[in-house]
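Below you'll find the structure, written out as structure tokens, and then a few comments.
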Amino acid sequence: MQDFLNYIQHSSQTPGEAGNFAWATIYILIIFTGISVAVIAMNWLERKVLAHMQVRLGPMRVGPHGLLQPIADALKLLIKEDIMPSEADRLVFWLAPVTVVITAFTVFIVIPFGPTHAVTDMNIGILFMLGVSSLGVLGIIMAGWASNSHYPLLGALRSSSQMVSYEIAMGMAVISAVLMTTLTSDGVGTLSMIQIVQSQDKQQTWFLFRMFPFGFLAFFIFAVAMVAETNRAPFDLPEAESELVAGFHTEYSGFRWSLFFLAEYAAMLAVSSIAVTLWLGGWMRPFPHWMAGVGWDAFFSFFPAATFLILALLALIGTVRMPKHPAFKIQKGGLGLFALVLCGIGILLLVPAVKDRIQDIYWFVAKVSVFMYAYIWYRGTFPRYRFDQLMKLGWKVMIPMGIAVLIVVAAAPAFNFVW
Amino acid sequence: MSELTKTDPNSTANLDLDTPESQIETYLHHRAAPQPEERTYLDANELVLNMGPQHPSTHGVLRVILKLDGEKVLGTECIIGYLHRGVEKIAENRTYTMFNPYVDRMDYVAAVSNGLGYCEAVEKLLNIEAPPRAQYIRVILAELNRLASHMLWLGTHALDIGAITPLFYTFRDREEILKIFEKYCGARLTTHAFRIGGCLYETYDGFEQDVMKFVKFVRPKIDEYEALLTTNRIWVERTKGVGVISAADAIDLGVTGPVLRASGVQWDLRKAQPYSGYEKFEFEIPTGTNGDTYDRYIVRIAEMHQSLRIIEQAVAGIPEGPIMGKVPKVMKPPVGEIYHSIEAPKGELGYFIVSDGSTQPYRVRVRPPSFVNLQALDKMVQGALVADVVAVIGTIDIVLGEVDR
């Protein structure tokens, strides 16, 4: 254990690069657990945020403010009867959710939560990521085909054409970000996720603001395409509830269905992580150069602890405001305990050894959670696109725009015209 | 793949012609089979998709059989009757008064309008008229009900198109209307608010204030719905040019109500043949021009504002006096028949009542707007996509309780 602590404190390499398989495995386990917890939290947050946008309360019964609702749901899904339609292609039907989940989670191998906080640093990291995340569509087609039913088939067809078209626009945007990594003094570009962030550090700006507005446009294209890629509103046609009942997972239930659910949210986290890495400076704290110095460093290092302490305070206020009725005793105790746990985490984050190492991860997660909130926001605001309009938007707006941005970003440095 | 797509679409040899399903299939094959030169892409077979009766957006238990080429709709067939309760037959075994609550169960989101239509029809048959105060109360409640019906329509229609938030907004505001109903007559949905010859209940203390407070409350709320949808790019793209029906087609099909008005026909029974004192109120008939889903949305939103105008005038001018006309204890209308129709939120709601001189009607025939308007579905979705079918079902604004009766 001491060895491990030493390692994470002093290493300058990711465990994968260092060839340290034991620590790489531990990292994988931590990330897997972290993503699963994030999916659970996201499930609760989506319900609550959406509910508050829609003048209702959301889950309130299971646990204080419905905090245990996702866990109750997960338990319910686990103990449900495992139904497989008699007409289904059994092997493919079984394989489809597994494929989707594996691809969604594999992506996280190269996501850098900090300069050393990644399972491994591949020199083709971004390509690996795009490649693996596109495999998710395979699982969806398999699900649609194996169900042997009309609605899933239509959903799968929609999904595959949608993903394939938006991947092109997405690729264009990614290439322009990768090209921007060459704008350093040595002019060497990179595909490694970690070095992309380091390049932004060297250029003292996020790629979002580089060559304004072209960096921003590329980011915008990616931000739209990633919503389409993850089949979320307003591009949720494959599972359009009011049209196709539940789209490709109509025939799925219980645990298999929950795998699709898990994969959808994991994929959302994954694409948001790509966006953060490529355009929003990855793990870097805000203004690392403009607000440089020991004082600022110390100021920003209190953010993680402050976040948790504020959350603890909010939970505490919630506890105090609970109705004074004997029926609320357990709920009150639960929320108090939750506040205590949050407070404990907050205090733990004040310990210098932890405080210094948690910085990167904190800022990365904070940036990703902005995207997660945006996902919920879109869902509360937008109607759904129709299939042909979606295709039109993809092929006639996004891809030409992506190509234009790519041309500018590629050509401008050749004329020594960079801003 | 199911058996349907495996078989040759033009062959009916292996279909059992006696079952209703196979009759439908045969019908669809004959009607929607494309010409040889217009065969589907790559000569693939059509996909027959059964939508409903259990489907999230067929508004109850409507069943639509879609014939698809990929996502393109080649033909539709509506199958109704899953909510058939024989309301018209029940009428023949009930006295005129006893049948009154049953009409609330037809269009259950606009129960007041149903009751108004029935009561007025029987009053016409008995040759009596409700006193002015009763007419004003009827107008206020009927217009409130029109608002409630349009709100429910807007919420569910937006939900079908994928915007989930308006549903909760409209239900929040519809609740205020239902509260007024509850205070007035004790029921929220199936109100049974009116009686033949007038109203049973006098308005409660503070009724006028409640209604005026609601009018003030709801105006900015309607703007709120509009802020979410009217200029929303996706909403406009999803509704403009979708489900177009021309004025001539709409008249031929007997379509009435906002669907007809959105096609540019200025036809509103409240103006055309005023009943219950509607001639005393100032209001406009909003019309559209293109007859598409967007125009129907705009027309209904404008109608909500007009309803508020009527309510304001009615509350301001409500006269004192009795609320019940002179009605015989035992109603025995003279032998004869009567057709009376009103402008329900969904269109022309007519009652055709035949009296044989006894206490029970010989025959009651209801002309429900939803049922007649639903016929336009096939015309509206020809060549559209699956997503449009859902949008068009929503925009026609059907209530299956009324379609099936």
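The values are calculated or read from the model by the stated rules, or taken from the named source; none is laboratory data. Computed from a predicted structure; not experimentally measured. Note that we place each Cβ from the backbone using ideal geometry, even for glycine, and neighbour counts take in every protein chain shown.
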Unmet requirement for residue A:133, which otherwise passes all of (1) touching a helix residue (DSSP H, G or I) at 6+ places or on another chain (Cβ under 9 Å); (2) within 14 Å of another protein chain (Cβ to nearest Cβ); (3) hydroxyl-bearing (Ser, Thr, Tyr): (2)
Given (1) closer than 30 Å to residue B:237 by Cα; (2) in a helix (DSSP H, G or I); (3) in contact with a Leu (Cβ under 7 Å, 6 or more places away or on another chain), index of the condition residue A:413 fails: (1)
Segment A:167-205: number of residues that are over 26 Å from residue A:394 (Cβ atoms) and part of a loop (DSSP other than H, G, I, E, B): 11
Index of the failed condition, residue B:203 passing every other in (1) surrounded by 19 or more Cβ atoms within 10 Å (Cβ to Cβ); (2) within 14 Å of chain A (Cβ to nearest Cβ); (3) of a type in the set (S, T, N, Q); (4) not in a helix (DSSP H, G or I): (2)
Scope segment B:227-270; condition within 14 Å of chain A (Cβ to nearest Cβ), in contact with a helix residue (DSSP H, G or I) (Cβ under 9 Å, 6 or more places away or on another chain) and of a type in the set (D, E, K, R); matching residues: B:237, B:238, B:240
Single residue of A:385, A:362, A:378 found to be in contact with a Phe, Trp or Tyr (Cβ under 8 Å, 6 or more places away or on another chain) and within 14 Å of another protein chain (Cβ to nearest Cβ): A:385
Residue in segment B:182-194 that is among the aliphatic types (A, V, I, L, M), assigned to a loop (DSSP other than H, G, I, E, B), farther than 24 Å from residue B:301 by Cβ and in contact with a strand residue (DSSP E or B) (Cβ under 9 Å, 6 or more places away or on another chain) present: yes
Residue match in segment B:176-199 (condition: within 14 Å of chain A (Cβ to nearest Cβ), within 22 Å of the chain's Cα centre (by Cα) and either at pLDDT 85 or above or under 26 Å from residue B:126 (Cβ atoms) (or both)): yes
Failed condition for residue A:411, given (1) away from every other protein chain (no Cβ under 14 Å); (2) in contact with a helix residue (DSSP H, G or I) (Cβ under 9 Å, 6 or more places away or on another chain): (2)
Checklist (1) crowded, with 21+ Cβ neighbours inside 10 Å; (2) in contact with a helix residue (DSSP H, G or I) (Cβ under 7 Å, 6 or more places away or on another chain); (3) among the acidic types (Asp, Glu) applied to residue B:176, failing item: (1)
Helices (runs of 4 or more DSSP H) wholly inside segment A:249-352 that include at least 3 residues being in contact (Cβ under 8 Å) with a residue 60 or more places away in the chain and among the basic types (Lys, Arg): none
Meets criteria (in a helix (DSSP H, G or I), more than 15 Å from the chain's Cα centre (by Cα) and more than 25 Å from residue A:102 (Cα to Cα)) for residue A:216: yes
Some residue of segment B:115-134 being under 14 Å from the mean Cα position of the chain (by Cα), under 12 Å from residue B:364 (Cβ atoms) and not hydrophobic (A, V, I, L, M, F, W, C): yes
Verdict on residue B:190 being surrounded by fewer than 23 Cβ atoms within 10 Å (Cβ to Cβ) and not charged (D, E, K, R): yes
Condition check for residue B:331: in contact with a strand residue (DSSP E or B) (Cβ under 8 Å, 6 or more places away or on another chain), surrounded by fewer than 21 Cβ atoms within 10 Å (Cβ to Cβ) and of a type in the set (A, V, I, L, M): no
Filtered residue count, segment B:277-299, keeping only those that are more than 23 Å from residue B:136 (Cα to Cα) and assigned to a helix (DSSP H, G or I): 7
Scope segment A:107-130; condition over 16 Å from residue A:364 (Cβ atoms) and either in contact with a Ser or Thr (Cβ under 7 Å, 6 or more places away or on another chain) or within 14 Å of chain B (Cβ to nearest Cβ) (or both); matching residues: A:120, A:122, A:123
Residues (over 20 Å from the mean Cα position of the chain (by Cα) and surrounded by 13 or more Cβ atoms within 10 Å (Cβ to Cβ)) located in segment A:275-299: A:288, A:291, A:296, A:297
Residue within segment A:164-171 that is within 14 Å of another protein chain (Cβ to nearest Cβ) and either touching a Leu at 6+ places or on another chain (Cβ under 6 Å) or farther than 30 Å from residue A:418 by Cβ (or both) present: no
Residues of segment A:322-347 classified as aliphatic (A, V, I, L, M) and farther than 26 Å from residue A:306 by Cβ, total: 2
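Matching residues to (1) surrounded by fewer than 22 Cβ atoms within 10 Å (Cβ to Cβ); (2) within 16 Å of the chain's Cα centre (by Cα); (3) assigned to a helix (DSSP H, G or I):
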{"residue": "A:102", "(1), (2), (3)": "yes, yes, yes"}
{"residue": "A:105", "(1), (2), (3)": "yes, yes, yes"}
{"residue": "A:108", "(1), (2), (3)": "no, yes, yes"}
{"residue": "A:111", "(1), (2), (3)": "no, yes, no"}
{"residue": "A:115", "(1), (2), (3)": "yes, no, no"}
{"residue": "A:118", "(1), (2), (3)": "no, yes, no"}
{"residue": "A:127", "(1), (2), (3)": "yes, no, yes"}
{"residue": "A:140", "(1), (2), (3)": "no, no, yes"}
{"residue": "A:144", "(1), (2), (3)": "no, no, yes"}
Members of segment B:55-67 found to be at the interface with chain A (Cβ under 9 Å from one of its Cβ atoms) and surrounded by fewer than 20 Cβ atoms within 10 Å (Cβ to Cβ), listed by number: B:56
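A quick yes/no check of all residues on (1) crowded, with 20+ Cβ neighbours inside 10 Å; (2) part of a helix (DSSP H, G or I):
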position	(1), (2)
B:109	yes, no
B:148	yes, yes
B:157	yes, yes
B:172	no, yes
Filter pass, residue B:167 being surrounded by fewer than 22 Cβ atoms within 10 Å (Cβ to Cβ), in a helix (DSSP H, G or I) and in contact with a Ser or Thr (Cβ under 8 Å, 6 or more places away or on another chain): yes
Which listed residue, of A:280, A:208, is touching a Gly at 6+ places or on another chain (Cβ under 6 Å) and more than 14 Å from chain B (Cβ to nearest Cβ): A:208
